[in-house]
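The values are calculated or read from the model by the stated rules, or taken from the named source; none is laboratory data. Everything numeric in this text was worked out from a predicted model, so none of it was measured. Methodologically, a virtual Cβ is constructed for each residue, glycine included, from the backbone with ideal geometry; neighbour enumeration extends over all protein chains shown. Heavy atoms of the whole protein, side chains included, go into the accessibility calculation; ligands, DNA and RNA do not. Shrake-Rupley method; radii C 1.70, N 1.55, O 1.52, S 1.80 Å.
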Amino acid sequence: MRVSFEHKSARAGQLMKKLKDFSVKAGWFENAKYGDNKSVAGIAAVQDGGATISHPGGTPYKFGKNGEVVFVEKGTPNPVGITRPHTIVIPPRPFMKPSVEDNKEELIGQLELISRRILSGEITEKQAAEMIGAIMAGNIKKAIAKVNTPPLKASTVRRKRSGYADTKTTGSLTKPLIGSGHLLETVDYQAELK
């Protein structure tokens, strides 16, 4: 998002030009990984925009206590069956665009306050860029927390629930984008000189 401010002083123009020397980004960076070394940014992109995956099949499965299908690791003895090639559809659960659109007016107000603090000499351009990055990262987290649709498939809820001792617990088990909490915890920002 690009924001412009009007000013009438040469000093203000010089300070604002210095701020343009900074690149401010928010989201997930190379160092954010899941335990299996998958990129959090890649998973976030799939969740945000949705995806269709052509699965080659070959995943062994058994039946759980209540007759539900439970996928097991390859090499597990006596699987009931092995999946055939199939398509997996992950619906979009947008949060990146809403993180900007839903907070636009508030962000503009915060940018105006930050600009005034730069002009008064209260903060440096680097500190301003850091503040803007922190605001952007916070807005992404708020947008993720707001996502409730489309609901998770029953099979996803069962898989998530199977990882808990109390299998009756729900709460975040049924909320999209909140499983391990890692997606939310790893939202970060970078403010660097270009």
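Miscellaneous remarks
- Any hit, region 153-169, residues being under 22 Å from the mean Cα position of the chain (by Cα), surrounded by 13 or more Cβ atoms within 10 Å (Cβ to Cβ), at pLDDT below 90 and not basic (Lys, Arg): yes
- The listed residues are 108, 88, and the only one of them that is of a type in the set (A, V, I, L, M, F, W, C), modelled with pLDDT of 90 or more and over 19 Å from the mean Cα position of the chain (by Cα) turns out to be 88.
- Among the residues of region 109-120, the ones that are among the basic types (Lys, Arg) and surrounded by 14 or more Cβ atoms within 10 Å (Cβ to Cβ) come to 1 in all.
- In region 72-108, residue most open to solvent (accessible area, probe 1.4 Å) [restricted to those that are in contact with a helix residue (DSSP H, G or I) (Cβ under 8 Å, 6 or more places away or on another chain) and either in a loop (DSSP other than H, G, I, E, B) or more than 30 Å from residue 139 (Cβ to Cβ) (or both)]: 102
- Residue 137 open to solvent by less than 70 Å² (accessible area, probe 1.4 Å) and modelled with pLDDT of 95 or more: yes
- Between 42, 57, the distinction of being open to solvent by less than 80 Å² (accessible area, probe 1.4 Å), free of Cβ contacts under 8 Å to residues at least 12 places away in the same chain and either out of contact with any Gly (no Cβ under 7 Å at 6 or more places or on another chain) or not aliphatic (A, V, I, L, M) (or both) belongs to 42 only.
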